[in-house]
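The structure under discussion appears below in the form of structure tokens.
The values are calculated or read from the model by the stated rules, or taken from the named source; none is laboratory data. Only a predicted model underlies this, so the values are computations on that prediction, with no experimental measurement involved. Cβ atoms come from the backbone with ideal geometry, glycine included; neighbour counts cover every protein chain shown.
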Amino acid sequence: LGAFVAPVEAQTYPTRSITMIVPFAAGGPTDVVARIVTSHMAQTLGQSIIIENVVGAGGTTATTRAARAANDGYTLITGHMGTHAASVPLYPKLAYHPEKDFEPIALLAGTPILILARKDFPPKDLKEFVTYVKANAEKVNAAHAGVGSVSHVSCELLHSILDIKPVGVPFNGTGPAMNALVAGQVDYMCDQIVNAVPQINAGTIKAYAIATPERNPSLPNVPTTAEAGLPKFQAQAWNAIFAPKGTSPAIVASLNAAAVKALDDETVRKRLLELGSVIPSPAERTPESLAALVKGEIAKWTPVLKPAT
Ligand code: MLT
């Protein structure tokens, strides 16, 4: 008979609210993606999911905290390409390992990278941008969300292609960095599309190019980096849910099912697509597929970022 009885925790979980740590400021891309998906997951799970923004050190402060949290399914983290891949080569003393210290739950969204600038930044297009930043590399600055964040490593890649080292201006997330860009306090940024679409549509910032092979339906007038003359710059980030290592398979399955259901919901999909996100295919939504993504991304970013440290 026992074989037909689900483990007690799977029958009862969750019995109280769940904390979702977001490792960057409220209003930024990770926060926005997490809020869209978890609001639907909370309905499925029958408990609220409380977002806690824990900022600092390019997302690694929050990720360390999540790695050390109880593995009971009540503390989760929405991590990303930075916290769960690029941080490995950039932080030699990283207090967690993305593969060893977490149970992957589900990939939530792919987030293409754009090269953005303050509205009155002189270059008109990407070709002019390249010429301008090369000629003024000591004067221009690039906003980012801390060492190891997506905005930081994306612009590191761009700078390595252009062979320049401009000054970086760190913020606690690209939410506040975007505010500074809109206010004209910083020059440019390599940011995830989710943060950029509302501002580009409002005309408060400039978008030079999107670093993906195809244009994005949410921004049909923004050229790809290949179209705009810089085909080597290709970058797409991702956001995903992780639980501390040792979280039971039953809880992992229950959280994954809730995330998958959210990604199938029409309202959730519409909101993610309006902001330019790429919704993972069913095959990309499994914990196994996320584990493979993390492994592949660490392998991809390590040689790119190691020499810079
Ligand atoms: C954020 O939510 O602020 C971003 O994901 C930060 C980044 O990694 O660039």
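Tabulated data
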{"quantity": "Enumerated helices (runs of 4 or more DSSP H) restricted to region 22-90, each holding at least 2 residues that are out of contact with any helix residue (DSSP H, G or I) (no Cβ under 6 Å at 6 or more places or on another chain) and within 10 Å of the ligand (Cβ to nearest atom)", "calculated": "29-45"}
{"quantity": "Selection within region 134-158 - over 20 Å from ALA183 (Cβ atoms), of a type in the set (A, V, I, L, M, F, W, C) and either over 25 Å from the mean Cα position of the chain (by Cα) or not in a helix (DSSP H, G or I) (or both)", "calculated": "ALA135, ALA137, VAL147"}
{"quantity": "Only one of VAL150, VAL169, VAL182 that is within 14 Å of the ligand (Cβ to nearest atom) and surrounded by fewer than 18 Cβ atoms within 10 Å (Cβ to Cβ)", "calculated": "VAL169"}
{"quantity": "PHE102 being touching a strand residue (DSSP E or B) at 6+ places or on another chain (Cβ under 8 Å), farther than 30 Å from ASP72 by Cα and among the hydrophobic types (A, V, I, L, M, F, W, C)", "calculated": "no"}
{"quantity": "Region 210-239: number of residues that are farther than 14 Å from LEU157 by Cα and free of Cβ contacts under 8 Å to residues at least 24 places away in the same chain", "calculated": "8"}
{"quantity": "Matching entry among ALA209, ALA226 (being crowded, with 21+ Cβ neighbours inside 10 Å and not basic (Lys, Arg))", "calculated": "ALA209"}
{"quantity": "Complete set of residues in region 91-116 that are in contact with a helix residue (DSSP H, G or I) (Cβ under 7 Å, 6 or more places away or on another chain), touching a residue at least 40 places away in the same chain (Cβ under 8 Å) and not in a strand (DSSP E or B)", "calculated": "TYR91, PRO98, GLU99, ASP101"}
{"quantity": "Members of region 91-124 found to be crowded, with 20+ Cβ neighbours inside 10 Å and of a type in the set (Phe, Trp, Tyr), listed by number", "calculated": "TYR96, PHE102, PHE121"}
{"quantity": "Matching residues, region 234-248, being crowded, with 21+ Cβ neighbours inside 10 Å, out of contact with any Cys (no Cβ under 9 Å at 6 or more places or on another chain) and farther than 13 Å from THR75 by Cα", "calculated": "ALA237, TRP238, ASN239, ALA240"}
{"quantity": "Odd one out for GLY276, checked against (1) within 16 Å of the ligand (Cβ to nearest atom); (2) surrounded by fewer than 22 Cβ atoms within 10 Å (Cβ to Cβ)", "calculated": "(2)"}
{"quantity": "Condition met for ALA253 (at negative phi and buried (at least 21 other Cβ atoms within 10 Å of the Cβ))", "calculated": "no"}
{"quantity": "Any hit, region 28-42, residues being surrounded by fewer than 19 Cβ atoms within 10 Å (Cβ to Cβ) and modelled with pLDDT under 95", "calculated": "no"}
{"quantity": "Residue under evaluation VAL88, criteria (1) under 16 Å from the mean Cα position of the chain (by Cα); (2) over 19 Å from GLU156 (Cα atoms); (3) surrounded by fewer than 24 Cβ atoms within 10 Å (Cβ to Cβ), criterion not met", "calculated": "(2)"}
{"quantity": "Selected residue (only one of LYS134, LYS127 is free of Cβ contacts under 8 Å to residues at least 60 places away in the same chain and farther than 16 Å from GLY58 by Cα)", "calculated": "LYS134"}
